[in-house]
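Presented below is the structure to which this report refers.
The values are calculated or read from the model by the stated rules, or taken from the named source; none is laboratory data. These numbers come from a predicted model, not from an experiment. Neighbour counts are summed over all protein chains in view; Cβ atoms, including those assigned to glycine, are modelled from backbone coordinates with ideal geometry. With ligands, DNA and RNA removed, areas are computed over all heavy atoms of the protein, side chains included. Shrake-Rupley method; radii C 1.70, N 1.55, O 1.52, S 1.80 Å.
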Amino acid sequence: MDTPAPQPIAVESPPAKRFPAWLAVSVAALFFLCIGGLIYWFLGGSFGNTSAFIPDPNRAQQSDRHNWRKQANADGVHPLDNNAGFFVRSGPAFMDILNPNDKSKSINYRFRFDSQALLPPDQWHLVFGVRRIFGDTKMAETLDVTKDQLDHLRKFTQVTMDLSKSDRNNLIAAWEAYDKAGAKADPEKKLVALLKDASTRALPSTKTHTIERVTEISKLFTPDQIRELTKLGAGQPITPLHKPTTAP
């Protein structure tokens, strides 16, 4: 009598683990939140104000930082942070009104461009990299930037808009008219239009002076430092230039 062949035993595979739907949604939301945060940081976060065009790092640490987060705003009048004053925007042109609410100080008017309107990309990235090493001693050391180089950088004054005296006076008068007006809409439009016209006239010479300034700054660095500072300003990986000393 033949013995029946043994039948294979069916073994059930354990059910595949599935992530709960709420977890997948949470991960996706966190991802987009992080991306949004990075975009906000770049456009209006704490990196610093490039529109004032550096080279005076001490001033950049004081009043310029108030402007950066606001510069994505449309043309018009906008308040600065910490009740520091106001700024008027017309395209890439800015008029800063500092200390208008402090009776112990005189009002300070400053006229400037967003540096992206003044510089080609390579010089703009170089400026970003230079700003970075002012506040990051570790990065300055990594790129072998010396104290002497930083001291020379601090001697450069800020590049502002090349306004004629009449354009400057007209803009200040337009601001005062806006400030005193009860209905702000029409005086604001007039102020923005005047800033647009004045900045259009001032742009060519301001652009020339700014490019000359960055060229002067470039002379303080070695070709290797310029290359790495430009990469730093562009957000690219850098190659350390500082060679640590080895113990004998």
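Details
- Overall, the accessible surface of segment 131-222 at a probe of 1.4 angstrom is composed of carbon and sulfur to the extent of 52 percent.
- Amide H partners (placed H, <5 Å) of residue 80, local residues excluded: 85, 86, 87
- In segment 92-188, the C-alpha radius of gyration followed by the widest Cα-Cα span (Dmax) gives 18.6, 56 angstrom.
- Cα gyration tensor category, rounded, prolate or oblate, for segment 138-223 with a/c compared to 1.5: prolate
- A cut-off of 5 Å between modelled amide H atoms, ignoring neighbours fewer than 5 places along the same chain, links residue 161 with 111, 112, 113.
- Modelled FRET efficiency - R0 35 Å, residue 215 with residue 177, Cβ distances, 0.05 increments: 0.30
- Alpha carbon convex hull of segment 183-248, volume per residue in cubic angstrom: 164 Å³
- Scalar couplings 3J(HN,Hα) for segment 124-133, obtained by applying the Karplus form with A = 6.51, B = -1.76, C = 1.60 to θ = phi - 60°, are 5, 5, 4, 4, 4, x, 5, 4, 5, 6 Hz; x denotes Gly and Pro.
- Segment 101-248 - Debye-derived log10 I(q)/I(0), Cα point model, q = 0.09, 0.13, 0.21 Å⁻¹: -0.43, -0.74, -1.22
- Karplus-derived 3J(HN,Hα), 6.51/-1.76/1.60, for each residue of segment 209-226, Hz, glycine and proline x: 5, 5, 5, 4, 5, 5, 5, 4, 4, 4, 5, 7, 10, 6, x, 5, 5, 4
- Solvent-accessible surface of segment 97-144, averaged per residue with a 1.4 angstrom probe and all protein chains in place: 47 square angstrom.
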